[in-house]
Each structure stands twice: as structure tokens, then as C-alpha cells.
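Some notes on the structure that comes next.
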Amino acid sequence: MSTELKMTAEQVMEARHSVRKYDPNATIPQGDLNEILRLAASAPSSWNLQHWRFLVVTDSAIKQKLLPIAYNQQQVVDAYATIIILGDLEAYKSARPVYDAALEKGYVTEQVRDTLIGQIEAAYKNNPEIARDEAIRNSSYAAMQLMLAAKAKGYDTCPMGGYDRDALIKELNIPSRYIPTLMLSLGKASEQAHPTARFGLDELVITNSF
């Protein structure tokens with residue numbers, strides 16, 4: 001009889017490291033993968049627009065095509081999945097379905113729904129800079145939460161910003177509505193991550209003002 005050990009949130013954060021060496025034969029049950037993605041999708045977002053999409057690549061042939069696009073980072077192929085985190089540049093289009101559902105469930109009044117939708121549409125109108133910033137910022141919340149969820153379930157990840165974005169968009173037919181924020185490898189480590197030196201709080205924290 002096996003006993004599942006649960007880690008605290010603090011233990012998960014301290015245990016998570018960027019792993020670059022993966023067991024290419026290790027698989028992740030679909031139930032575990034779905035739960036990791038579900039937890040990632042519970043991340044916060046501006047106006048609850050949920051700006052993220054997860055493009056999950058598990059097909060070996062497609063991962064091989066991604067290898068040169070990711071500048072030959074081997075984890076793209078060896079990890080069970082390579083996940084491309086996408087940010088929604090047209091997240092304002094989600095406002096009505098999000099707040100119609102909230103109204104139906106009694107979370108908001110009709111007046112609040114209409115006010116919020118108006119605010120969102122006004123913020124995004126003719127403002128591509130806000131659309132891009134919000135897409136990157138909010139999808140990054142989900143990416144971090146995905147990495148923590150994976151570690152809590154005994155899997156490893158590595159965030160990757162080094163890839164040819166235009167080639168990635170072309171290879172995977174990513175619609176213009178979405179911007180790739182980063183790649184994540186997800187799998188079982190074959191070698192543990194190497195230790196890293198971290199700044200202390202005396203280097204990182206500014207109290208009240210510079």
C-alpha cells in the first residue's frame with residue numbers, strides 16, 4: 001500500500017528548480033496533466049479575462065521540429081511535453097462570456113457586468129501596447145503556477161525564453177490573436193537541476209522608497 005506524500009506550498013516553491021535533463025521514456029498520465037493545467041488555469045488575471053492558452057506538444061515528431069526552433073535545447077524533445085504558453089492579445093473578447101456567466105451564477109449584478117465590460121473594451125480600444133503587456137503579464141502568472149503545480153505532483157519543468165518566435169508561430173500555426181510568452185518543458189528529471197546562488201533580501205528589498 002503506497003502513501004502519497006503532500007508537500008506544503010513552501011516546500012513546493014523551495015523544491016522547484018529548472019531541470020534540463022529528462023527521462024525520455026517517462027510519461028505523464030493524462031489525468032495528472034489535466035490536473036496540472038487546471039491548477040495553472042486558476043491563476044489570477046486582470047478583470048478575470050484569463051489571458052492564457054496552453055499549447056501542449058507531446059507528439060515526438062512535432063517536438064523534433066521544435067528542437068531547432070528552440071536553438072537545440074534537448075529538453076524540448078526529451079521531456080514528456082513541451083508546453084507553449086500563449087498570451088491572448090484580444091482578451092477583451094472574453095469579457096462578455098466571462099461576465100455573462102458571472103451574472104448567471106449571481107456573482108455580479110447586471111449593472112456591474114455592463115460597467116466592467118465597458119471598462120475592458122475602453123481599455124483595449126486602439127491600444128495594442130496594453131493588449132501586449134496584459135497578454136504577457138497575465139499568461140506569465142499561469143506559467144509560474146503551472147511549474148508549481150507540476151512540482152507538487154512530482155514532475156519537473158524548465159521555462160525557456162530562447163526560441164525563434166516567428167518560426168514557432170509558423171510551425172504550429174499559432175493564430176495572430178496569441179503571442180508566445182515562453183516554452184515550458186514538463187517531465188521527469190533524469191538528472192537533478194544544478195544548485196543556484198540567490199540574492200539575499202538585503203539585495204532585493206527596498207522599503208518604502210529608494
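Rule-based calculations on the coordinates, nothing more; no lab input. Source: prediction; values computed, not measured. All Cβ positions, even for glycine, are placed from backbone atoms using ideal geometry, and neighbour counts span all protein chains on display.
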Compare the peptides 11-23, 118-130, 144-156, 160-172 by average per-residue count of other Cβ atoms within 10 angstrom and give them in order, highest first.
144-156, 11-23, 160-172, 118-130
Ordering of 101-114, 193-206 by packing [mean C-beta count within 10 Å, highest first]
101-114, 193-206
The stretch 33-55 versus the stretch 89-128: alpha-carbon centroid distance in Å
18
Using alpha carbons only, how many degrees (0 to 90, rounded to 10) separate the axis of helix 110-124 from the longest principal axis of the chain?
70
Karplus couplings for the stretch 198-210 from phi (6.51 cos²θ - 1.76 cosθ + 1.60, θ = phi - 60°), rounded to Hz, Gly and Pro as x?
10, 5, x, 4, 5, 8, 9, 9, 10, 8, 6, 6, 6
Tell me the angle of helix 60-69 to the major Cα principal axis of the chain, expressed in degrees between 0 and 90 and rounded to the nearest ten.
80
Among ALA43, ALA123, ILE83, the residue whose Cα sits farthest towards the positive end of the charge dipole of the stretch 22-130, when +1 is placed on the Cβ of each Lys and Arg and -1 on the Cβ of each Asp and Glu, is ALA123
For the stretch 20-115, what is the charge dipole size about the Cα centre, in debye to the nearest 20, if Lys and Arg each add +1 at the Cβ and Asp and Glu each add -1 at the Cβ?
260
Check SER190: other-chain or 5+ apart residues with amide H under 5 Å from its amide H, H built from backbone geometry?
LYS21, TYR22, ASP23
The stretch 194-210-the stretch 138-152 distance, computed between alpha-carbon centres (Å)
22
About the Cα centre of the chain, what is the dipole size in debye to 20, counting +1 per Lys and Arg Cβ and -1 per Asp and Glu Cβ, all else neutral?
260
Mind checking which aspartates and glutamates have their C-alpha under 17 Å from LYS105, skipping anything on the same chain fewer than 8 residues away?
ASP114
Modelled label-to-label distance, LEU67 and GLU129, 7 Å Cα→beta-carbon offset: nm?
4.2
Angle, helix 95-104 long axis vs. longest principal axis of the chain, Cα atoms, 0 to 90°, nearest 10?
80
Gain in span if fully extended, MET7 to VAL205, counting 0.36 nm per residue against the direct Cα distance
68.5 nm
Rounded to the nearest 500 deg cm²/dmol, what is the calculated helix-only ellipticity per residue at 222 nm for the chain, with -39500 (n - 2.57) per DSSP H run of length n ≥ 4?
-13000 deg cm²/dmol
Search the structure for amide H atoms under 5 Å from the amide H of VAL57, placed 1.01 Å from N in the peptide plane, and list their residues when 5 or more places away or on another chain.
THR82, ILE83, ILE84
Considering only DSSP beta bridges where both residues belong to the chain, give the percentage that are antiparallel (nearest 5).
95
